[in-house]
1. Test of understanding: given the chain, find the longest segment containing no GluC sites (Glu not before Pro) that are in a DSSP loop and have at most 11 other Cβ atoms within 10 Å.
2. Please list 3J(HN,Hα) in residue order for the range 66-74, calculated via the Karplus relation 6.51 cos²θ - 1.76 cosθ + 1.60 where θ = phi - 60°; whole Hz, with x for glycine and proline.
3. Using amide H atoms built 1.01 Å from N in the peptide plane, name the residues 5+ places from Gly240, or on other chains, whose amide H lies under 5 Å from its own.
4. What per residue convex hull volume, in Å³, do the alpha-carbon atoms of the range 312-407 yield?
5. Once phi is turned into ³J(HN,Hα) by the Karplus curve 6.51 cos²θ - 1.76 cosθ + 1.60 with θ = phi - 60°, what whole-Hz value does each residue of the range 210-215 show in order, with x for glycine and proline?
6. Within the P(r) computed for the chain, what percentage of the Cα pairs occupies the region above 30 Å?
7. Which value in deg cm²/dmol, rounded to the nearest 500, describes the helix-derived mean residue ellipticity at 222 nm for the chain, given -39,500 (n - 2.57) per DSSP H run of n ≥ 4 and division by the residue count?
8. Angle, helix 29-50 long axis vs. longest principal axis of the chain, Cα atoms, 0 to 90°, nearest 10?
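Values quoted throughout were computed directly from the atomic coordinates according to the rules given, and no laboratory measurement underlies them. Not measured: the values here are computed from a predicted model. Positions of Cβ are generated from backbone atoms using ideal geometry, with glycine treated the same way; all protein chains shown enter the neighbour counts.
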Amino acid sequence: MSDLFEGLFRESAGSLVSILTRTLGARHLDLAEECVQDALIKAMEKWPFHGVPNNPRAWLLRAARNRAIDVLRRDRRLVEITDLEAIEVDATGVDEELGMVFLCCHPALPRESQVALILKTVGGLGVREIARAYLMPEAAIAQRLVRAKSKLRDLQAEFDLPQAMADCQGRLDSVLEALYLLFNEGYSVYAPEFSEEAIRLGRLLVRNPATALPRTHALFALMLLQSARDGARVDPNGGGVVILQDQDRSLWNRERIAEGIHHIDLAGHGDALSRYHLEAGIASLHALAESWEATDWRTICRLYVHLETVHPTAVVRLNRAVAESQCHGPSDGLTLLDGELEQYLAGYPPFYAVKGHLLERAGQKNEAKAYFQKASEAARTGIERSFFERRARQNVGNFRRTVTVIR
């Protein structure tokens, strides 16, 4: 039953909040979120005893709507709302979700606030998860969200999908960044409900003529190609993480890979080259390689060099270090990890794992073991922790596998 609640809430919370916000108005965004949370709590109290309704999502929407009506009546604000009771409980929420996404990207909000607001209201991420995506303190993210919602209230921002879509060019980059971070949160902590939600929202964008631009197709392709490996990333027998080199490629989702390649083709119809084009290109080389040994690492290295020019971040540098070590040896990878990178990525498990692996390949066994221990201490999931603990215990000199960071 707990899995049902968690899955249903992850899949439906964003659209339910969006449907309520469209009627309540952006000034009542907090109320919409609270009512959806209350509906889930009510479901957790009732469903175990009375059974799961035939349409759980409609039940949650009705309960959230009724809670909103009660709050507004108590506060004597119902006069502001003329059609709350007329909400269709079986509404798909597709238009509302797109409207909410673009409302969160109101031009008056800073880019970082736009993205955080999408992740919270539509993506269903909590403050801790958003902070992890940004490698920032939770308090800073919480304040960012409070300021963004306050700004929308002060502006009396309208939930107007046609108007928002007409201005989508000025907002689309924030939307794509939010989907990218949402997908990576799910992918990196083995929580497919997040990555699948990002893919679902991405599919809405590539199907809408106003947002189906080359960079949108590129991001969608990237997400499809990465998620195609989900079935092979964890040992079904309880062995924990299965790294890319050891994955059974027959378990990769070939239909999803084919769809990803199709969207890479669509992404090539424009002149601009975005970070998503480059990352999708890297993902395609992994997806199409017949084996680990057949992977075109030299082309991957060239793409990472270009990516670091287009999007110079610490995580891109970390990924490039892995690729360079495959092409030229561990010393080249370690050189890229020198300097301030370790300080900036302090507490980030993939950094410690990658450095441990490169030190190990360079014959520095004690140093490698220490970094695997750091990775274990910073691990975000039990699956990750057990893998790093095992690596720290093993004879690191015999380890010849690559920890591949996907971001």
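1. Details: sites that count: Glu88, Glu290, Glu293, Glu340.
Between exposed loop sites, the widest span is 89-289.
2. The phi angles translate into 5, 5, 4, 4, 4, 5, 5, 5, 5 Hz.
3. Distant-sequence amide H within range of Gly240: Asp235.
4. Working: hull volume 8.5 nm³, N = 96.
Hull volume over Cα atoms, normalised by residue count, gives 89 Å³.
5. Karplus-based 3J(HN,Hα) across the range 210-215 equals 6, 10, 7, 8, x, 5 Hz.
6. Numbers: 37386 of 82621 pairs.
Across the chain, Cα pairs with separations above 30 Å total 45 percent.
7. Details: 20 runs with 272 residues, N = 407.
Using -39500 (n - 2.57) per qualifying helix, the result is -21500 deg cm²/dmol.
8. 90
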